[in-house]
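This report concerns only the one structure given below.
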Amino acid sequence: MPRDFFHGRHAGLLVPLFSIPSRTSWGIGEIPDLPRLARWMSDAGFSFVQLLPINEMAEGQNSPYSAMSAMAIDPIFIAPSDMPDVVALGGEALLDEQDRARLEQARCAPAVDYATVRALKNRVFRAAFEHFRAHEWDVHGARAHRLRIFMDRARWWLDDYALFRALHAREHGRAWQEWDAPLREHRPEALARGRQELADDILFYSYLQWVASLQWKEACDEADIGIFGDFPFMVSGDSADVWARQHDFRVDASVGAPPDAFSETGQDWGFPAYRWKVIAAGGFRWLAARARRSADLYDGYRVDHLVGFFRTYVREPDGSAAFVPAVEEEQMLQGERVLDVLGATGARIIAEDLGVIPAFVRETLARLEIPGYKVFRWEREWEVEGKPFKDPLEYPSSSVATSGTHDTETLAQWWDEAPLDERHAAAAIACMEPPGCAPEAPFNDATRDSILQVLYASGSDLVIVPIHDVFGWRDRVNTPALISDKNWTWRLPWPVEDLARDAQATERAGFMRKLAAAYGR
């Protein structure tokens, strides 16, 4: 771990990996692009980067929260240009003229074109694997030996994942619930037969995870910052994890959120529901395995939808819905046990505790000294006349001060759409010192920097700023409840290495570095 994130004050940058492509990457941010980002971040005084999940996304999905594996790195983040087997085959010369043109279009596109990028990479990955098998695996070469070591050490999650991916491909993407009964029911004799019949494909998917692991370790070693990940609340029902652990899940029910101020009908996320009693009786083994995997990959991680681990809002097939467990005492006990499991790995964890949260959840976080979120725009004295904003100086040290998350509108959009009285209330806290801001004026650089300054000055030991708010950009990573091809496709307006050269980016780095120095981060 580059720094001790359990002590002292630190500043982090929130940006998805897919959003930071370089000139050499294939239209999407890739694992080796992290050190390139880290160089600018170090200049800007940031201690760590907060990523969104990098788990393998379900086929046809753009959302990193809809994963077909809670353990596997999505191969879309592998850099072909850094693969020895691709280099040995001539690199991009592997592609025909039409595909090279498609690659160039993906590189120049204003947003991530997942379908094109995935299709091009899959073709190259297959060719690279055939080269590896012929020149390493079949002749028992040194790299084949290293792959065998990786497969043996990762067997605890890799075996189920690689078999699932091979079966899923053979079934042309059909969900496992539609497979023939022996495989659908995960019967040992069917699994053994599948491993024999699909040995080559299983090796292929294992090879990709090995390559991803090597690139990830090299990137983390080179980046002089901490790497924080994201621990999603759920995985897709059509995932290796649910297929292999059907006793832990209810595929006939789904999880979501109850009706609130943002949705009269609540939300249905379509993910299978946990069988909490079964999971508890089994010692929370799958969650412990996920925590172990996260600790292997990251210096720390954000626990998504924390309240769901205390009480899950389950929607039944008949349309009814309720919290599970139903009794508050059981909810408290369950949440604390889950947090104990997650914390046992030694990684730094922070908790996304936004929305309608029972008081006992935040009391638990405070007692365990696990930082929850303080989103500036929502931290107000809601019961006091005028609803004044809370002074960030009074945020508890065990908290994360931030201007927003990947799901919220950007700082610029919030300011311009906020009622005037809300802007006056915000200015009363954020604009007391230079550069100051005018509540009547549209969002501008002075308003941006005033809010950033008050966040850095806050009592929170951790501050995390979305990259959009560092620059004052208006584009969003994700708009919740909106079905759109634009969600999860945002990328930097220039290649990530240009952060070191672009005048705006260097100015921003200088400003953020001064804030970090002034407020001890």
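The values are calculated or read from the model by the stated rules, or taken from the named source; none is laboratory data. Remember, predicted model here, so these are calculated numbers, not experimental data. Reconstructed Cβ throughout: ideal geometry from the backbone, glycine too, with neighbour counts over all protein chains shown.
Here is a check on your reading of the model: is Ala503 in the same structural domain as Arg23 (by TED's automatic domain parsing) and of a type outside the set (Phe, Trp, Tyr)?
yes
Could you check segment 415-445 and list, in sequence order, the residues that are surrounded by 21 or more Cβ atoms within 10 Å (Cβ to Cβ) and under 28 Å from the mean Cα position of the chain (by Cα)?
Hit for segment 415-445 is Trp415, nothing else.
So if I check each of Gly283, Gly229, Gly194, Gly266, which one is within 26 Å of the chain's Cα centre (by Cα) and either among the β-branched types (Val, Ile, Thr) or surrounded by 18 or more Cβ atoms within 10 Å (Cβ to Cβ) (or both)?
Result of the check over Gly283, Gly229, Gly194, Gly266: Gly229.
Select the helices (runs of 4 or more DSSP H) contained entirely in segment 64-164, then report the ones holding at least 1 residues which are in contact with a Lys or Arg (Cβ under 7 Å, 6 or more places away or on another chain) and β-branched (Val, Ile, Thr).
Where helices (runs of 4 or more DSSP H) fall fully within segment 64-164 and carry at least 1 residues being in contact with a Lys or Arg (Cβ under 7 Å, 6 or more places away or on another chain) and β-branched (Val, Ile, Thr), they are 114-132.
Can you confirm whether segment 370-384 contains a residue that is charged (D, E, K, R), buried (at least 17 other Cβ atoms within 10 Å of the Cβ) and under 30 Å from Ala154 (Cβ atoms)?
no
Considering only residues that are among the hydrophobic types (A, V, I, L, M, F, W, C) and buried (at least 18 other Cβ atoms within 10 Å of the Cβ), which ones fall in segment 151-174?
Met151, Ala154, Trp157, Leu158, Ala162, Leu163, Phe164, Ala166, Leu167
Tell me yes or no: at least one residue of segment 198-216 is under 30 Å from Gly12 (Cα atoms), of a type outside the set (Ser, Thr, Tyr), in a loop (DSSP other than H, G, I, E, B) and within 20 Å of the chain's Cα centre (by Cα).
The answer is no, given that none of the residues of segment 198-216 is under 30 Å from Gly12 (Cα atoms), of a type outside the set (Ser, Thr, Tyr), in a loop (DSSP other than H, G, I, E, B) and within 20 Å of the chain's Cα centre (by Cα).
Only one residue in Asp230, Asp224, Asp201, Asp159 is modelled with pLDDT under 95 and within 24 Å of Ile31 (Cα to Cα). Which one?
Of Asp230, Asp224, Asp201, Asp159, the one residue that is modelled with pLDDT under 95 and within 24 Å of Ile31 (Cα to Cα) is Asp224.
Only one of Ser206, Ser213 is in contact with a Phe, Trp or Tyr (Cβ under 7 Å, 6 or more places away or on another chain) and either among the polar types (S, T, N, Q) or modelled with pLDDT under 95 (or both); which?
Selected residue: Ser213, the only one of Ser206, Ser213 that is in contact with a Phe, Trp or Tyr (Cβ under 7 Å, 6 or more places away or on another chain) and either among the polar types (S, T, N, Q) or modelled with pLDDT under 95 (or both).
Keeping to segment 390-407, report how many residues are surrounded by 20 or more Cβ atoms within 10 Å (Cβ to Cβ) and either over 22 Å from Pro419 (Cα atoms) or of a type outside the set (S, T, N, Q) (or both).
Result for segment 390-407: 7.
Do you know which residues across segment 431-478 are among the hydroxyl-bearing types (Ser, Thr, Tyr) and either in contact with a Leu (Cβ under 9 Å, 6 or more places away or on another chain) or free of Cβ contacts under 8 Å to residues at least 12 places away in the same chain (or both)?
Of everything in segment 431-478, those that are among the hydroxyl-bearing types (Ser, Thr, Tyr) and either in contact with a Leu (Cβ under 9 Å, 6 or more places away or on another chain) or free of Cβ contacts under 8 Å to residues at least 12 places away in the same chain (or both) turn out to be Thr447, Tyr456, Ser458.
May I ask you to list the residues in segment 331-375 that are in a loop (DSSP other than H, G, I, E, B) and of a type in the set (Asp, Glu)?
Answer for segment 331-375, where residues must be in a loop (DSSP other than H, G, I, E, B) and of a type in the set (Asp, Glu): Glu352, Asp353, Glu369.
Condition check: buried (at least 21 other Cβ atoms within 10 Å of the Cβ), under 24 Å from Ile227 (Cα atoms) and not hydrophobic (A, V, I, L, M, F, W, C). Does Asn487 satisfy that?
For Asn487, the condition - buried (at least 21 other Cβ atoms within 10 Å of the Cβ), under 24 Å from Ile227 (Cα atoms) and not hydrophobic (A, V, I, L, M, F, W, C) - is not met.
Kindly establish whether Asp113 is crowded, with 19+ Cβ neighbours inside 10 Å, over 30 Å from Ile20 (Cα atoms) and touching a residue at least 40 places away in the same chain (Cβ under 8 Å).
Spelling it out, it is not the case that Asp113 is crowded, with 19+ Cβ neighbours inside 10 Å, over 30 Å from Ile20 (Cα atoms) and touching a residue at least 40 places away in the same chain (Cβ under 8 Å).
Take Val303 and tell me if it is closer than 27 Å to Gln50 by Cα, crowded, with 17+ Cβ neighbours inside 10 Å and β-branched (Val, Ile, Thr).
In short, yes.
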